[in-house]
Amino acid sequence: MKRLLGITAMMLTFAVSVGAQEYMDLRYNFNKGELFELEQKSKSETYMTVNAIQQRTTRDYNNLISIEVTEVNPGKAILTFRYKELKFNFNGKNQNIYVDAKVSKPEEPFQAGLKKMLDQPFTVDLQTSGIINKIDGLDNLLDNAATAFSSLKKDEQEAYKKLMKDQFGTDAFRGWLEQLLIMYPAHGIKTGTQWEESVPLRGGLIGRIDLYWNLQTWDAQTAKIGGTSKINTDKVQLLTLEDDIKATAEISGSTSSNYLINRSSGLPSICVQNTEMNGTYTYKVNRAKRIKHDLKVPVKVVTNASYKIKQMK
């Protein structure tokens with residue numbers, strides 16, 4: 001009888017243990033002094049049809065960023081980012097800019113600007129849930145980098161400053177970081193759990209991104225998570241596009257993502273994302289730009305990106 005009771009107790013203990021293991025918590029967990037390395041590769045293609053003529057613009061990034069945990073507080077951490085490598089290729093409007101921040105290119109001012117960004121710190125205030133409280137220092141970093149354009153003509157200076165802000169400014173940086181860093185739910189999750197969050201569109205367009213995630217599989221060290229997003233612009237808000245063109249945007253799209261999460265830190269070891277957006281810009285009347293009436297401009301944007309994060313110490 002005692003043996004039977006013992007076996008029954010063991011079975012109950014095992015059942016409770018298995019039940020407890022069905023759920024897990026995901027959070028960002030850091031220790032001060034930890035160092036990570038983020039490799040970013042991204043290619044974006046934009047197609048616009050203006051007066052029946054299609055324009056194609058491509059932007060390629062190949063960047064390496066160090067992430068140091070410089071402060072840990074209850075519920076959040078301060079992460080210090082530094083660009084270690086910056087490679088950027090812009091091709092559009094009869095202009096081709098390819099630069100490697102580490103390789104001198106006197107004929108291309110943008111290289112000198114990117115060089116000034118290398119090894120310069122800026123911080124991200126990150127909640128343990130993955131919500132970004134703020135980003136500090138990046139705008140100042142870009143202001144300093146823009147001094148590389150001081151010898152250019154005024155209009156050239158402004159064009160380079162805009163290009164740098166559009167590609168590397170705080171809004172652009174935060175926009176892709178918010179899609180890379182999953183925002184975890186406050187409660188425990190199990191295989192099949194789905195959750196969602198919504199953030200503003202950043203980096204030029206005005207609107208919202210609705211983000212959705214689902215836990216696919218997990219073990220003691222890792223978790224596989226699938227993600228999607230729905231992107232919608234505010235079609236009445238006025239934007240300023242390249243060449244100082246004023247326009248509204250009625251654009252929608254979606255992103256599909258796959259993440260392999262390191263459960264120890266909560267960071268994605270690998271993330272692959274594909275985004276497609278379609279819609280129209282409506283250029284507003286501008287005599288100086290020879291736009292005599294509102295002009296509908298179809299637009300399509302396709303972006304493929306991959307990220308790798310590994311812990312260095």
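The values are calculated or read from the model by the stated rules, or taken from the named source; none is laboratory data. This one's a predicted model, so the numbers in the text were calculated from it and none came from an experiment. Every residue, glycine among them, receives a Cβ derived from its backbone with ideal geometry; neighbour counts consider all protein chains shown.
Structural remarks
- Residue in region 211-231 that is loosely packed, with under 14 Cβ neighbours inside 10 Å, part of a strand (DSSP E or B) and of a type in the set (G, A, S) present: no
- When L260, L295, L241, L267 are checked against the criterion of being touching a Gly at 6+ places or on another chain (Cβ under 9 Å) and either closer than 23 Å to E45 by Cα or not β-branched (V, I, T) (or both), a single residue qualifies: L241.
- The test for being surrounded by 14 or more Cβ atoms within 10 Å (Cβ to Cβ) and either farther than 25 Å from Y61 by Cα or aromatic (F, W, Y) (or both) holds for T282.
- Which numbered condition G203 fails, given (1) modelled with pLDDT of 95 or more; (2) of a type outside the set (A, V, I, L, M, F, W, C); (3) farther than 24 Å from E34 by Cβ; (4) within 17 Å of the chain's Cα centre (by Cα): (1)
- Against the test of being of a type outside the set (F, W, Y) and closer than 19 Å to S129 by Cβ, the options E242, E196, E276, E250 yield a single qualifying residue, E196.
- Put simply, of L118, L138 the only residue that is within 23 Å of L38 (Cα to Cα) and buried (at least 18 other Cβ atoms within 10 Å of the Cβ) is L138.
- Scanning region 264-313 for residues that are over 18 Å from G204 (Cα atoms), among the charged types (D, E, K, R) and at pLDDT below 95 turns up R287, K289, R290, K292, D294, K296, K313.
- Residue ranges of strands (runs of 3 or more DSSP E) in region 58-158 with at least 3 members hydrophobic (A, V, I, L, M, F, W, C), without any contact (Cβ under 8 Å) to a residue 60 or more places away in the chain and out of contact with any helix residue (DSSP H, G or I) (no Cβ under 9 Å at 6 or more places or on another chain): 76-92
- All positions within region 42-57 that are assigned to a strand (DSSP E or B) and free of Cβ contacts under 8 Å to residues at least 40 places away in the same chain: I53, Q54, Q55, R56, T57
- Top-ranked residue of region 67-81 - restricted to ones that are over 17 Å from R174 (Cβ atoms) and not β-branched (V, I, T), ranked as surrounded by the most Cβ atoms within 10 Å (Cβ to Cβ): E68
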